[in-house]
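Peer 1: Okay, handing you the structure first.
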Amino acid sequence: MKVKFLGTGTSTGVPEIGCKCPVCTSNDIKDRRLRVSVLINTGDVRLLLDCGPDFREQIINEEFAPIDGVLLTHEHYDHVGGLDDLRPFCRFSDVDIYTNSITADALRTRIPYSFIEHKYPGVPLFRLHEVNSNSTFRIKGVEIQPIDIMHYMLPIFGYRIGSFAYLTDVKSIPDSEYQKLRNLDVLVINALHMSEHLSHLNVAQALEEVRKIAPRRTYFIHMSHRMGLHADVEKTLPPNVFLSYDGLEIEV
Ligand SMILES: [Zn+2]
Ligand SMILES: [Zn+2]
């Protein structure tokens, strides 16, 4: 299975509009972060995790081929703002979206034109699947386990596919969900920056989750400009814990 990080930044992206801090003005391309999303290729199945407002820019240099499923973690703009740009993929077939019921309800309000009975010609066509964290589901034979996690007060989903898990916008993980995270080769988890935040893990808290989950390798995502320079911060992390960057590809 191949995992490509299409975006690794927090909701504002990095650089932040109008900011002149050392990270936002860095010449290191690893300090430029689009909104979070990963693309997974496993066999001939292609899955997109989250579809934020940078989706068009993220997908335009990838092969134009069907996306077999879009897995959404939650309804916040930085995770769903690019759904309308899935329109070209409707040439292959309606696009299958998988998410929890809260997010599905939000999408029906947010992009009603894709879900009403009499649609304007040319709108993106979706099949919206509400999935449940109590069981796995399959997309073309690939088994996927939703994981309940908390984004402050909002219940959202992480996803496990094989020995890979993608958890973003976590502030806390219910005790019952750790059993779904055993024996991971790769954990992708959010780490916003060093200081405390209401709805996101900071670096120290993310490292505490890494210690509890004990994956073989961990990649941090959803980073803000206040994280510091990629090159400086990565040196401070334990072995087998890395900052991701846009364009990074890994094999799982
Ligand atoms: Zn987010
Ligand atoms: Zn900045």
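Each reported figure results from applying straightforward, stated rules to the coordinates on display, with no laboratory input. Note that this is a predicted model, so its numbers are computed, not measured. FYI the Cβ positions are ideal-geometry reconstructions off the backbone, even for glycines, and counts take in every protein chain you see.
Peer 1: Just to check I understand the Karplus step: with θ = phi - 60° and J = 6.51 cos²θ - 1.76 cosθ + 1.60, what whole-Hz values come out for the stretch 37-42, glycine and proline as x?
Peer 2: Going residue by residue, I get 5, 10, 10, 10, 10, 9 Hz, with x marking Gly and Pro.
Peer 1: Okay, moving on. Would you mind telling me the antiparallel percentage of the DSSP bridges in the stretch 1-78, rounded to 5? Each step should come with its number before you reach the end.
Peer 2: Numbers: 11 of 15 bridges.
The antiparallel fraction comes to roughly 75 percent.
Peer 1: Show the residues, 5+ positions off or on another chain, whose built amide H is closer than 5 Å to the amide H of Ile221.
Peer 2: Amide H to amide H, under 5 Å and 5 or more residues apart or across chains, Ile221 pairs with Ile189, Asn190, Ala191.
Peer 1: Can you tally the net charge around Leu167? Count Lys and Arg as +1, Asp and Glu as -1, for every other residue whose Cβ sits under 10 Å from the Cβ of Leu167. Mind showing how you got there, number by number?
Peer 2: Values: positive: Arg160; negative: Asp169, Glu177, Glu209.
The answer is -2.
Peer 1: Taking amide H positions as placed 1.01 Å from N in the peptide plane, with prolines and chain starts having none, which residues 5 or more places from Val95, or on another chain, fall under 5 Å of its amide H?
Peer 2: Leu125, Phe126, Arg127
Peer 1: Give me a comma-separated list of calculated 3J(HN,Hα) values for the stretch 48-59, in order, Karplus coefficients 6.51, -1.76, 1.60 applied at θ = phi - 60°, integers in Hz, x for any Gly or Pro.
Peer 2: Calculated HN-Hα couplings, in order: 10, 9, 6, 9, x, x, 8, 3, 4, 5, 6, 9 Hz.
Peer 1: Cα to Cα, under 20 Å, and not fewer than 8 places away if on the same chain: which aspartates and glutamates meet these conditions relative to Lys171?
Peer 2: Hits, sequence-local ones excluded: Asp50, Glu75, Asp78, Asp148, Glu196, Glu208, Glu209.
Peer 1: Using the Karplus curve 6.51 cos²θ - 1.76 cosθ + 1.60 with θ = phi - 60°, work out ³J(HN,Hα) for each residue of the stretch 102-115 in order, rounded to whole Hz, and write x for Gly and Pro.
Peer 2: Computed from phi, the couplings for the stretch 102-115 are 4, 5, 4, 4, 4, 5, 5, 7, 7, 10, x, 5, 8, 10 Hz.
Peer 1: For Thr12, Thr25, what's the fewest-to-most ordering of other Cβ within 10 Å of each Cβ?
Peer 2: Values: Thr12 14, Thr25 11.
Sorted ascending by nearby Cβ count, the order is Thr25, Thr12.
Peer 1: When we measure straight from the Cα of Lys2, which lysines land under 26 angstrom away, once same-chain ones fewer than 8 places off are left out?
Peer 2: Within reach: Lys30, Lys140, Lys180, Lys212, Lys235.
Peer 1: What per residue convex hull volume, in Å³, comes out for the stretch 65-171 when only alpha-carbon positions are used?
Peer 2: Working: hull volume 11.8 nm³, N = 107.
Convex hull of Cα atoms, per residue: 110 Å³.
Peer 1: Here is a follow-up. Give me the percent of DSSP beta bridges within the chain that run antiparallel, rounded to the nearest 5. Don't skip to the end; give the middle numbers.
Peer 2: Details: 29 of 53 bridges.
Around 55 percent of the beta bridges assigned by DSSP in the chain are antiparallel ones.
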